[in-house]
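Visitor: Below are the structure tokens for one structure; questions will follow.
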Amino acid sequence: MWDIGIALLVGFASCLELPGLDATGLVRCYFADVAIAIVAAATLLVRRHCPEVCLLAGLAAGFAFDERILLFAGAYSVAHYGGRLRFPLVATVAVIYTTTRCIIGTADDTFAMLCCDVVLEIVFPAVFGSIVRDQKALRDLLRQRLEKSESAVDNAVRYALLEERTRLAFDIHDHIGHHATFLVLRASALQQLPSLCDEARKGATALQESAQRIMSDLRQMLKALRDTSTQRTELVGSANCADFLAGLAKNMSAVGMAVEYELHGTVKQLPQDVEVLLHRLCHETFTNAAKHAPGALIRADLSFQADQVTLEVSNGPATGSVLRSSGCMGLVGLRRRVAEVGGQLTVGPTHDGGFRVAAALPAALPE
């Protein structure tokens, strides 16, 4: 609709100028000049796709009569929508028009006035159309950059949400799953007391079954929350890994588990990500041993060397009823985290039917 309006406006303006231009072209019939002006103005309907046609139609109309509105619109269209040769085309048309007007006839009194009018009515609209073209390209570029920035922000927010969900998943696995495991073990220990009455024994059985259902539901929620492509973050407690491991071994011994802990070397400050990972390794290995090897001896060794710290947790074969497997969800995440900090994780069964987890992590603080 905009192009139709421009074509009608240019055609109407050209027709208004024709009565005073009878002797300035090759066609001396008014009605023929009107028809030529209308046809030339109609080419503006395709100015976005074929702007060169508009300029050449304006030049052809210029041979019929010395009216430059069509050339004005054609020059602007070529500069705005044309290709790489738009400026040579405009310059060629301007030269042809100027040289032929001296032969065909012009409405200007002198050649200098003709040249001045050509500059104002052909060259100037071409320059203006080029400026508008560049401004449009700049706006499009800025719009694209804005869209990319908005997309980057959306992706960052989406990544942050996934990262937070993953952190929550591992926190639930570490803490709630850890305590639920000991709840099952404690209920199982109560069932084995010979002095326990039948009613209390039934209550302990119900408690154990409820705790197991909680752990099963917890695993289902973790499957929905966990995303292995994201990197989780955690907070380190106030105690270092040596103190944390000692307290963990003491607490597990208090609930009837056989735990041995030994510290080798001198405790020193570790990088924060390594300290976090050691806390996670302690939680995961002790929890897995309690679930999958009840009644077995658990041995933990923490060694500090000059450039690395080593944690090894092993357990013997199970002597009691084994809880259902959790799918090794924690070990999968730990293997990835150990690799990210430049360490090595060794996981596998032992020759006596037990299980061993050994991690070697860098201990050097960043400079």
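The values are calculated or read from the model by the stated rules, or taken from the named source; none is laboratory data. Everything numeric in this text was worked out from a predicted model, so none of it was measured. Neighbour counts are summed over all protein chains in view; Cβ atoms, including those assigned to glycine, are modelled from backbone coordinates with ideal geometry. Each accessible area value is taken on the protein alone, full model and side chains, heavy atoms only, with ligands, DNA and RNA left out. Shrake-Rupley method; radii C 1.70, N 1.55, O 1.52, S 1.80 Å.
Visitor: Inspect all residues belonging to region 249-263 and state whether any of them is in contact with a Phe, Trp or Tyr (Cβ under 8 Å, 6 or more places away or on another chain), modelled with pLDDT of 75 or more, assigned to a helix (DSSP H, G or I) and farther than 26 Å from G342 by Cβ.
Guide: Yes, region 249-263 contains at least one residue that is in contact with a Phe, Trp or Tyr (Cβ under 8 Å, 6 or more places away or on another chain), modelled with pLDDT of 75 or more, assigned to a helix (DSSP H, G or I) and farther than 26 Å from G342 by Cβ.
Visitor: Filtering region 268-292 down to residues that are farther than 30 Å from A187 by Cα, of a type outside the set (D, E, K, R) and open to solvent by less than 60 Å² (accessible area, probe 1.4 Å), which residue is farthest from the chain's Cα centre (by Cα)?
Guide: So, considering only residues that are farther than 30 Å from A187 by Cα, of a type outside the set (D, E, K, R) and open to solvent by less than 60 Å² (accessible area, probe 1.4 Å), the one farthest from the chain's Cα centre (by Cα) is L270.
Visitor: I'm checking my understanding of the structure. Among residues of region 307-318 that are small (G, A, S) and closer than 13 Å to V357 by Cα, which one is surrounded by the fewest Cβ atoms within 10 Å (Cβ to Cβ)? Break it down into steps so the answer makes sense when it comes.
Guide: We begin by selecting, within region 307-318, every residue small (G, A, S); these are 314, 316, 318.
Remaining after also requiring closer than 13 Å to V357 by Cα: 314, 316.
Values: S314: 21, G316: 18.
Of everything passing the filter in region 307-318, G316 is surrounded by the fewest Cβ atoms within 10 Å (Cβ to Cβ).
Visitor: Condition (residue is in contact with a Phe, Trp or Tyr (Cβ under 9 Å, 6 or more places away or on another chain), part of a helix (DSSP H, G or I), surrounded by fewer than 23 Cβ atoms within 10 Å (Cβ to Cβ) and not hydroxyl-bearing (S, T, Y)) applied to region 54-61: is it met by at least one residue?
Guide: Within region 54-61, one or more residues are in contact with a Phe, Trp or Tyr (Cβ under 9 Å, 6 or more places away or on another chain), part of a helix (DSSP H, G or I), surrounded by fewer than 23 Cβ atoms within 10 Å (Cβ to Cβ) and not hydroxyl-bearing (S, T, Y).
Visitor: Select from region 1-49 the residues that are outside any helix (DSSP H, G or I), buried (at least 16 other Cβ atoms within 10 Å of the Cβ) and at pLDDT 80 or above and list them in ascending order.
Guide: R47
Visitor: Something else: Taking the stated definitions as given, is V78 farther than 23 Å from V127 by Cβ, open to solvent by less than 50 Å² (accessible area, probe 1.4 Å) and touching a Cys at 6+ places or on another chain (Cβ under 9 Å)? Outline the logic, then answer.
Guide: Working: farther than 23 Å from V127 by Cβ: no; open to solvent by less than 50 Å² (accessible area, probe 1.4 Å): yes; touching a Cys at 6+ places or on another chain (Cβ under 9 Å): yes.
So V78 fails the test.
Visitor: For region 293-306, give me each residue that is open to solvent by 10 Å² or more (accessible area, probe 1.4 Å), within 17 Å of G353 (Cβ to Cβ) and of a type in the set (A, V, I, L, M, F, W, C). It would help to see each step written out before you state the result.
Guide: Here is the first cut: in region 293-306, the residues open to solvent by 10 Å² or more (accessible area, probe 1.4 Å) are 294-295, 297, 299, 301, 303-306.
Adding the requirement that they be within 17 Å of G353 (Cβ to Cβ) leaves 294-295, 297, 299.
Answer for region 293-306, where residues must be open to solvent by 10 Å² or more (accessible area, probe 1.4 Å), within 17 Å of G353 (Cβ to Cβ) and of a type in the set (A, V, I, L, M, F, W, C): just L297.
Visitor: Tell me whether region 138-155 contains one or more residues that are open to solvent by 80 Å² or more (accessible area, probe 1.4 Å), on the phi < 0 side of the Ramachandran plot and modelled with pLDDT of 85 or more.
Guide: Checking region 138-155: at least one residue is open to solvent by 80 Å² or more (accessible area, probe 1.4 Å), on the phi < 0 side of the Ramachandran plot and modelled with pLDDT of 85 or more.
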